[in-house]
Amino acid sequence: MSFSDRLRLGSITTQITGIVAISVLLGAFFTIATVLLFADGAASKASPSAAAQQIAQIVELMQAANSGERAAILQASRKAGVKVVDVAISELEPAVAPSLPSMSRLIERQLESGWGIDMIEGDRYSSGPEHQLVARIDDDTALVFDASTGTNLWRLIWAPTALTLVIVLVFIVLLSVYAVRWIIAPLSSLAEAAHSFGRHRGAEQAVSRNGPREIADVADALNEMRTRIRSLLDDRTRMLAAISHDLRTPLTRLRLRVERVTEDGLRDGMLHEIEQISHMLDETISYLREDARSEDTSRVDLPSLLQTICADFADVGHNISYKGPSRLTWLCRPSALTRAISNIVANGAKHGEVIDVRLSVGGDGKAEIDVSDNGPGIPDDLRERVFEPFFKADNARAIMGGGFGLGLSIARDIVQGHGGGIELIQRQPHGLTARITLPSMAVDPNDNARSDAAIFLHNS
């Protein structure tokens, strides 16, 4: 992208640069306006030069006035906010530890050098304020000023500084709100759309183009990519349907010819092989198709679903049992979830003699389904690979029967499509536990599912 393109009105670069520039200009404008309107007069009155001028005028008036006029000058000065008293020089005492604020020392130096006022240093009036400025009027009289007069450091320095910082902070917050609302929010929407693509039916809608031009370009590219992916998946589905049809026809003819074989042992073996090929073909096509993701979600009773699966396997001779709450309503795609759990139970039935199915609700509200068997287990380095399509861990768990190694792959895809996860846990001393975790997105608050689950967990 060229530099001129980045400076266009709708780009992120232009928007961020513009809002920063506008924020700085507005902050400077309001700061200057506020200082001119509210702080200029106060700052001028609080400056050392203004305080020195005020004190010098009072001292000069006192020096030029007679004894009767001095009282009126002092009274007028006090009404103007100047803390001052006239004392006899004989009443001054040496200061034990004379110390003045830095601003008061500056005023004292200005009175001496700029106005020619005779300042008495080192002496103080015992009944006066803690910090004093003592100016000589004549040989017998002096004026004692409060050293804090006209030296309000807060009004002079800290108030304008704090005001400036507050104004700048306000505009920085406004900039942050703008960035979150108009720049970061569309990026989050893009990430959510990319993450949800292919997980449920509602994720097929187009990604919104709201936001700056660069984000709109990304949304267009993402929508185009999703269209291409969907087209590729549709082409693959049609191709697999055609392959399925073309393969089933010769398999059917082969089955008919095998049934004419007179030798029983040879005929049964060949029919068994044909059944295995048909089963593998069905398993592969079932793994690649999108039926599980297109199923609508509905509320089901998880214990009933698991008990039905256990009953189906028990009917064909497997030693399988269910443990868990009697009721637990959950939102899921029932046919897909049944298929995933059945694949895991079937995998355990191939390698173990006893299968335990346990349902529980964790402290975070997630449902956990454990399918455990007493088989040989799976080595640590193969527990992730067994979820790969067409991978068979022959060295770990001898496979009894046919299959392409798609059962766990199908199960993981279905569970992840529900927003959950699946992991394999080694049992001691032997065996394997497949743990399915379903998110707590769909527990009906009107159901008694949580209480039933809690009662079961407490009793167990």
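Just one of the numbered conditions (1) of a type outside the set (A, V, I, L, M); (2) open to solvent by 60 Å² or more (accessible area, probe 1.4 Å); (3) in a helix (DSSP H, G or I); (4) touching a residue at least 12 places away in the same chain (Cβ under 8 Å) is not true of residue 210: (3).
Screening 257, 238 for residues that are of a type outside the set (A, V, I, L, M), assigned to a helix (DSSP H, G or I) and either at pLDDT below 80 or surrounded by 14 or more Cβ atoms within 10 Å (Cβ to Cβ) (or both) leaves exactly one candidate, 238. So which residues in the range 280-313 are modelled with pLDDT under 75, open to solvent by 50 Å² or more (accessible area, probe 1.4 Å) and under 25 Å from residue 355 (Cα atoms)? Once the filter is applied, which keeps residues that are modelled with pLDDT under 75, open to solvent by 50 Å² or more (accessible area, probe 1.4 Å) and under 25 Å from residue 355 (Cα atoms), the range 280-313 yields only 287. For the range 127-143, what are the residues that are open to solvent by less than 70 Å² (accessible area, probe 1.4 Å), modelled with pLDDT of 80 or more and in contact with an Asp or Glu (Cβ under 9 Å, 6 or more places away or on another chain)? Passing the criteria: 132, 133, 134, 135, 137, 141, 142, 143.
Does residue 367 qualify as being touching a Leu at 6+ places or on another chain (Cβ under 9 Å) and over 14 Å from residue 424 (Cα atoms)? So residue 367 passes the test.
Pull out all pairs, ordered by first then second residue, where Cβ-Cβ is under 9 Å, the residues are six or more apart or on different chains, the first lies in the range 180-197 and is over 18 Å from residue 223 (Cβ atoms), and the second is open to solvent by 60 Å² or more (accessible area, probe 1.4 Å) and in a helix (DSSP H, G or I). What qualifies is 183/16.
Modelled with pLDDT under 80 and over 16 Å from residue 428 (Cα atoms), is that true of residue 407?
Details: modelled with pLDDT under 80: yes; over 16 Å from residue 428 (Cα atoms): yes.
Yes; evaluated as a whole, the condition is true for this residue.
Remark: pairs (first residue in the range 404-425, closer than 21 Å to residue 282 by Cα; second residue of a type in the set (Val, Ile, Thr) and part of a helix (DSSP H, G or I); Cβ separation under 7 Å; 6+ apart in sequence or on different chains) = 404/284; 406/284; 408/386; 411/344. Hey, any hits in the range 321-340 for a residue that's crowded, with 20+ Cβ neighbours inside 10 Å and part of a strand (DSSP E or B)? Within the range 321-340, one or more residues are crowded, with 20+ Cβ neighbours inside 10 Å and part of a strand (DSSP E or B). A count restricted to the range 341-369 and to residues that are outside any helix (DSSP H, G or I) and over 17 Å from residue 387 (Cβ atoms) stands at 17.
Selection over the range 414-460 of residues that are over 13 Å from residue 347 (Cβ atoms), at pLDDT 85 or above, of a type outside the set (A, V, I, L, M, F, W, C) and not in a loop (DSSP other than H, G, I, E, B) gives a count of 6. Selection of the range 241-254 for residues being of a type outside the set (Lys, Arg) and open to solvent by 90 Å² or more (accessible area, probe 1.4 Å) yields 245, 246.
The values are calculated or read from the model by the stated rules, or taken from the named source; none is laboratory data. Every value quoted in this text rests on a predicted model; they were computed, and no experiment measured them. Note: ideal-geometry Cβ built from the backbone for every residue, glycine included; neighbour counts use all protein chains shown. With ligands, DNA and RNA removed, areas are computed over all heavy atoms of the protein, side chains included. Shrake-Rupley method; radii C 1.70, N 1.55, O 1.52, S 1.80 Å.
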